[in-house]
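Some notes on the structure that comes next.
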Amino acid sequence: MYTQSLDTDPLANDPKEVSDKRELELKKRISEGYVVEPRDDMPERYRKTLIRQMSQHAHSEVVGMLPEGNWILRAPTLKRKSILLAKVQDEAGHGLYLYSATETLGVSRDALYEDLLQGRAKYSSIFNYPTLNWADVGVIGWLVDGAAIMNQIPLTQCSYGPYARAMVRICKEESFHQRQGFDLLNEMMQGTQKQKDMVQDAVDRWWWPALMMFGPEDSDSIHSEESKAWGIKKKTNDELRQTFIDVTVPQAETLGVTLPDPQLKWNETREHYDFGKIDWNEFWRVVSGSGPCNKDRIGVKKKAWEEGAWVREAAMAHAMKSKGR
Ligand code: FAQ
C-alpha cells in the first residue's frame, strides 16, 4: 500500500491553491497506477464524485431487482424460477457490496438510502420501464446485464480500491446473468411463433432504453472529463455504447431477432456499426422522474422500507444482545 501522505506544502496559505495542488498531485499518482484506499487522505471533490457514482450504482442494483422480481411467481418452469430467484438475489448482493464500499468514504447507508427514497439520488433510467411479458426477463439478462457489464468491466480498474474490488465479483455474476438471458431467449426462439413474437416485442421495447444506460452523449456528459482525470471512468459514455452495439448486433443475428433500428449498418471505414438517433428527450424525461414506472418503483421501495422497520429493529436488538449490551 502507498503510505505517503497526500498533504502538500503546509506553508502554502491559500486554501484554494492548496486544494488544487492536492488534486493535481492525486491525479498524477493515479495516472501512475496508484490505488486509493479508504484511510488515505483524499481531496473532497474526489470523495464526492465517488459517493455520487457509487451510491447511484448501488441504488440501481436494488431498484433493478423490481422489474424481474415481478416475474418470480410467474416463471414458466421450476428451473427458470430458481434461476430467476438466484439472479434477483445476486442483484441484492451487488447493492450490499456497493453500499458497503460507499460507506468506506464516510457516509452512512441510511443517509444514502434516504436520498433514494426522497428522490434526491438517481438510479439507472432502465429500471423505469415495465416488464410486460416473460421474454422481458430474458431481454433484461441479455441487453441490460450485457450493457451493465460493458460499463462495469473498466470499473474493475478504477482508482478507488473498494469500488474496483467490488466490481470484480459483480462483473463475474453479471456475465452469468447475461448468458442466462441469452439462453432463455434462445430457447423461446426455438418455440412457437407466439413465443418468437414475444421475444421480438421485448427486444423492440428494450433496445433503445438499453443504449441510454451508458448515459448522455459525451458532449452532454458533465462528469466524464473529471471522472476520467480521477481514474474513476476509463472510457467515455459514447465509447462504451459503441462497443456494446458492435458486440450485440452479431448476437441478435444468432438469436434471429431484428434490432429496431433501420440505420444500424456496418461501416467499413469506421469499423463500427453506425446507428440511429437516440431519443435524448425520452432519456431526460425518465431520469427526471417521468418515466413509465418511476413512481411505482420508489413507491415499492418506500413501502418495503416502512414495512421492514420491525425486521431492522429485531436484527439490531439481536446484535446488541449477542454483544451483551
Ligand atoms: N440513468 O455526466 P454523466 C445494472 C445521470 S447497474 C440515470 O455522463 P457520469 C445491474 C448522471 O448520474 C446500472 N441517470 O454522468 C443490473 C448525471 O447526473 P448527476 C447502473 C443517468 O456519472 C442489471 C447526469 O445524468 N450502472 O444495470 C444515466 O459521468 C440487471 C449526467 O451524466 C452504474 O451505475 C442513466 N442511464 O456517467 C441490475 C455504473 N446516465 O449524478 C438489475 C456506474 C447518466 O449529476 C438487473 N456508473 N445519468 O445527478 C457509471 O458508470 C456512470 O455514473 C454513468 C453516468 C455512465 C451511469
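Coordinate-derived values only; no laboratory data. Because the structure is a prediction, the values reported are computed rather than measured. No Cβ is skipped: glycine too gets one built from the backbone with ideal geometry, and neighbour counts run over all protein chains shown.
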Quiz item: Mean separation of Cα pairs under 8 Å and 6+ residues apart, divided by the residue count of region 201-273: what relative contact order is that in percent?
Solution: 32
Practice problem: Over the residues of region 200-252, compute the C-alpha Rg and express it relative to 2.2 N^0.38 Å. | Solution: 1.32
Self-check item: Distance between modelled label sites at Ala319 and Val168, nm, 7 Å Cα→Cβ extension
Solution: 2.7
Self-check item: Spatial separation of Cα centroids for region 211-226 and region 101-170, in angstrom
Solution: 16
Practice problem: Starting from the Cα of Lys295, draw a straight line to each of the aspartates and glutamates and keep only those under 19 Å, dropping any in the same chain fewer than 8 residues away. | Solution: Glu61, Glu68, Glu114, Asp115, Glu282, Glu306, Glu307
Exercise. Could you give the C-alpha radius of gyration of region 165-236 expressed as a fraction of 2.2 N^0.38 Å, taking N as the number of residues it contains?
Key: 1.55
Self-check item: Stretch in the chain that is longest and holds no GluC sites (Glu not before Pro) that DSSP places in a loop and that have at most 10 other beta carbons within 10 Å
Solution: 33-267
Quiz item: Hey, can you list the DSSP H helices of the chain whose Cα span along the axis is 18 Å or longer and whose average Kyte-Doolittle score is at least -0.5?
Solution: 78-103, 237-255, 309-322
Quiz item: Ratio of Rg to Rh for the chain, alpha carbon only, Kirkwood?
Solution: 1.00
Quiz item: Which distance in nm do the two modelled labels at Ala111 and Glu225 give, with both placed 7 Å along the Cα-to-Cβ direction?
Solution: 2.9
Exercise. Mind putting together the pair-distance distribution for region 190-325? All Cα pairs, 10 Å bins, whole percent per bin, short to long.
Key: 9, 25, 25, 20, 13, 6, 1, 0
Quiz item: With each label point set 7 Å from Cα along the Cα-Cβ vector, what nm distance links Glu25 and Asp274?
Solution: 5.1
Exercise. For region 47-168, just say rounded, prolate or oblate: build the C-alpha gyration tensor, square-root its eigenvalues into a ≥ b ≥ c, call rounded for a/c under 1.5, and beyond that prolate if a/b exceeds b/c, oblate if not.
Key: prolate
Quiz item: Mind checking which lysines have their C-alpha under 19 Å from Lys27, skipping anything on the same chain fewer than 8 residues away?
Solution: Lys16, Lys48, Lys228, Lys233, Lys234, Lys235
Exercise. For His272, list long-range residues whose amide hydrogen, built 1.01 Å from N in the peptide plane, is under 5 Å from its own amide hydrogen.
Key: Asn267
Exercise. Please report, in debye to the nearest 20, how large the charge dipole of the chain is about its Cα centre when each Lys and Arg carries +1 at its beta carbon and each Asp and Glu carries -1 there.
Key: 1160
Self-check item: Rg [Å, one decimal], Dmax [Å, integer] - region 123-276, C-alpha atoms
Solution: 16.2, 51
Exercise. Work out how much length Asp296 to Arg45 would gain on full extension: take 0.36 nm times their residue separation and subtract the Cα-Cα distance, in nm to one decimal.
Key: 87.0 nm
Quiz item: Which whole-number percentage describes the relative contact order of region 103-180, with Cα contacts under 8 Å and a sequence gap of 6 or more?
Solution: 29
Practice problem: Evaluate the relative contact order of the chain (contact order divided by residue number), counting alpha-carbon pairs under 8 angstrom at least 6 apart; express in whole percent. | Solution: 18
Self-check item: Additional length obtainable on full extension of the chain from Ala86 to Arg74, 0.36 nm per residue less Cα span
Solution: 2.8 nm
